[in-house]
Amino acid sequence: MKILALVLVLLVSSQVHAQTCPAAPADPIGRTDVKLTWTATTQNTDGTAVAQPVTYKVYEIVGTGPTLRCTTVASATSAGQLGLSVGLHSWNVSAVAAGQESALSNAASKTIAPGTPNPPGGLTATGNLLAYTLKKSHNQFALVPVGHVAPGTQCDLNQPVLGMFAVPRESVTWAGLVRPQVVVASCG
C-alpha cells in the first residue's frame, strides 16, 4: 500500500511540475523535429474573458492516451520538440487560466519515416561496351547500336532506360554517321 501511494504521488507530481516547453525550432524545420503552434485562448466556455496570464500544457499522445510533455511560459502559443524517433507522433494542447484547465485541443500529428539511403555513386561502364540509342518504329522502341563506350565512363543513375543508363556523348567512339543526343550503355 505504501509503494502504491508513493508511485501515485510521483506520477501526480511529475504531471504537476512538467518542464517548460522548448521554443519552437526556426524554419526550416528538421526532418525529426516538430513545431507546434496554436491560437491563443481569449474566452472561457461561458463566453467571459479568460483570466490572464494563460499558459498552455502540451500533451504527447503515447500508447493509450495523452501524457503531459511540458507547460509553456505565459501567453506563448508555440512549442517545439526535437529529435523525434521513427513512427507516428501526435500532440494536444490545453489552456490553463486561474487554475482551471480546458479540454484538450484537436490532435496534430507528424510521422517520422526512416531515413532513405543515398544512391550508390561512382557507377561506371567497364570494358569495351556497346553504346545504344532508342529508335521508335511502329509504336515500339528498339535499341540501336551507335558505337562503343570508353572504359570507366561515368553513368547517370538518374536516367535509366531499359536496364541501361545514359552516358555522356563525348565518351562514345562512334561506329557510323549517326550521332544521337541520348546514348545509353550497360553499366556495372
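Values in this text are rule-based calculations from the coordinates and carry no lab data. Computed from a predicted structure; not experimentally measured. So basically every Cβ, Gly included, is an ideal-geometry build from the backbone, and we count neighbours across all protein chains shown.
Using only the alpha-carbon atoms of segment 17-112, report the extent along each of the three principal axes, biggest first, to the nearest angstrom.
Dimensions of segment 17-112 along the principal axes of its Cα atoms: 42, 31, 24 Å.
Which of the peptides 146-153, 80-87 is most tightly packed, and how do the rest follow, going by the mean number of other Cβ atoms within 10 Å of each residue? Don't skip to the end; give the middle numbers.
Numbers: 146-153: 18.4, 80-87: 13.0.
Highest-to-lowest ranking by the protection proxy: 146-153, 80-87.
Which value in deg cm²/dmol, rounded to the nearest 500, describes the helix-derived mean residue ellipticity at 222 nm for the chain, given -39,500 (n - 2.57) per DSSP H run of n ≥ 4 and division by the residue count? Show your work: numbers first, answer last.
Working: 1 runs with 15 residues, N = 188.
The helix contribution divided over the chain gives -2500 deg cm²/dmol.
With a point put 7 Å past each Cα toward its Cβ, work out how far GLN140 is from ALA108 in nm, to one decimal.
It is 5.7 nm.
State, to one decimal in nm, how far the label point of SER75 lies from the label point of VAL96, with both points 7 Å from Cα in the Cβ direction.
1.9
What's the extension gain from VAL62 to THR32 if we count 0.36 nm per residue and subtract their Cα-Cα distance? It would help to have the intermediate numbers written out before the result.
Working: separation 30, 0.36 × 30 = 10.80 nm, distance 1.70 nm.
In short, 9.1 nm is gained.
For the pair LEU162/VAL182, report the inter-label distance in nm, with labels modelled 7 Å from Cα in the Cβ direction.
1.2
Looking at the chain from every direction and averaging, what is the projected area of its Cα convex hull in nm²? Before the final figure, lay out each step's value.
On the way: hull surface 83.9 nm².
About 21.0 nm², averaged over all directions.
Which order, highest average first, do 90-97, 154-161, 113-120 follow once you tally other Cβ atoms within 10 Å for each residue and take the mean per peptide? Before the final figure, lay out each step's value.
Details: 90-97: 19.2, 154-161: 14.2, 113-120: 7.2.
Descending packing order for the listed peptides: 90-97, 154-161, 113-120.
What are the equivalent ellipsoid semi-axes of segment 129-185, built from the alpha-carbon gyration tensor (square roots of five times its eigenvalues), in whole angstrom, biggest first?
Details: eigenvalues 64, 41, 13 Å².
That gives 18, 14, 8 Å for the three semi-axes.
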